[in-house]
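Colleague: Here you go, one structure.
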Amino acid sequence: MEKIEQTTYDGYIKALTDISRAITSDLFLEDLLKLIVMVTAKVTGVEICSLWLIDENEKPPKIRLKATQSIDPEYVKDRSLNLDEGVVGHVVTNKRPIAINDVLRNHRFKEKEMARKLGLVSMISVPLKLKDEKIIGVLNCFTAEPHAFSNTEINMFTAVANQAALAILNTELMVKTKVIQEELETRKMVERAKEILMHRRNIKGEDAFRWIQRRSMDLRKPLRHIAEAILLSEEIDMDR
């Protein structure tokens, strides 16, 4: 194993530890992505760290810039690439990291004008890979000085990226679970509200549901809020 400064090694370990904690946290995805790029940039000393995620809702899918610790408007603007385009597309397609000594001389790097303006020189691009080899995104890190990334550094960035991929997957699953739970709870409330209206107004179930829908549209409130109001009014009537 190549020699690496102890402070740098300790920094990588800290990054892994911080991201590992995020796996079991209830951070929203946006906050998690910001944490990953900020921690990675801080402990590695790179100029810019950014995280791109594949958007499978696009047809065909694209990879989109989702987070960076950079505050330069030239870099933080909304950007997306095809999965076969640029350095990030190459990393997604080949599922392997790539280190570039000079981005201005690399034919795959598409944003040379931006690199000139920001003084970016070397970069490392690493796939966010899950255990089933699925790639969900790419971690990009740039230096302001020429830098030849060692195998040890590449391995360290890969470990950070893989840990980040797991944290992102966990967060997305948590969000989906919460959404499903909320949807089921809403359905139960609406059904109970329908039964109350059917009894109160002597109407059929479909008519009761249409009434709830109309109130929701007229008041510009979610169905859940209308159902909750009906259930609350029933509780008040029962307490009288």
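Colleague: Within the range 116-149, how many residues are modelled with pLDDT of 90 or more and either open to solvent by less than 30 Å² (accessible area, probe 1.4 Å) or among the hydrophobic types (A, V, I, L, M, F, W, C) (or both)?
Modeller: Counting residues in the range 116-149 that are modelled with pLDDT of 90 or more and either open to solvent by less than 30 Å² (accessible area, probe 1.4 Å) or among the hydrophobic types (A, V, I, L, M, F, W, C) (or both) gives 22.
Conditions tested, residue by residue: (1) at pLDDT 85 or above; (2) surrounded by fewer than 18 Cβ atoms within 10 Å (Cβ to Cβ); (3) in contact with a Lys or Arg (Cβ under 7 Å, 6 or more places away or on another chain).
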{"residue": "MET1", "(1), (2), (3)": "no, yes, no"}
{"residue": "THR7", "(1), (2), (3)": "no, yes, no"}
{"residue": "ASP26", "(1), (2), (3)": "no, yes, no"}
{"residue": "GLU30", "(1), (2), (3)": "no, yes, no"}
{"residue": "SER50", "(1), (2), (3)": "yes, no, no"}
{"residue": "PRO60", "(1), (2), (3)": "yes, yes, no"}
{"residue": "ILE63", "(1), (2), (3)": "yes, no, no"}
{"residue": "ALA67", "(1), (2), (3)": "yes, no, yes"}
{"residue": "TYR75", "(1), (2), (3)": "no, no, no"}
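Colleague: Of the residues ILE54, ILE63, ILE71, which single one is assigned to a loop (DSSP other than H, G, I, E, B) and hydrophobic (A, V, I, L, M, F, W, C)?
Modeller: Residue meeting the stated conditions: ILE71.
Colleague: Now a separate question. Among the listed residues GLU234, GLU182, GLU191, GLU133, identify the single one that is assigned to a loop (DSSP other than H, G, I, E, B) and of a type outside the set (Phe, Trp, Tyr).
Modeller: Criteria check complete, one pass: GLU133.
Colleague: Cβ-Cβ distance below 9 Å, separation of 6 or more or different chains: which pairs start in the range 208-227 with a residue that is modelled with pLDDT under 90 and end on one that is open to solvent by 90 Å² or more (accessible area, probe 1.4 Å) and outside any helix (DSSP H, G or I)?
Modeller: From the range 208-227, the pairs are ARG215/LYS221.
Colleague: Output the number of residues of the range 86-115 satisfying the condition of being assigned to a helix (DSSP H, G or I), open to solvent by 30 Å² or more (accessible area, probe 1.4 Å) and in contact with a helix residue (DSSP H, G or I) (Cβ under 7 Å, 6 or more places away or on another chain).
Modeller: 2
Colleague: Another question, then. Of the residues THR152, THR158, THR171, which single one is assigned to a helix (DSSP H, G or I), more than 23 Å from the chain's Cα centre (by Cα), closer than 30 Å to ALA99 by Cβ and touching a residue at least 60 places away in the same chain (Cβ under 8 Å)?
Modeller: THR152
The values are calculated or read from the model by the stated rules, or taken from the named source; none is laboratory data. Please read all numbers here as calculations on a predicted model, not as lab measurements. Positions of Cβ are generated from backbone atoms using ideal geometry, with glycine treated the same way; all protein chains shown enter the neighbour counts. Each accessible area value is taken on the protein alone, full model and side chains, heavy atoms only, with ligands, DNA and RNA left out. Shrake-Rupley method; radii C 1.70, N 1.55, O 1.52, S 1.80 Å.
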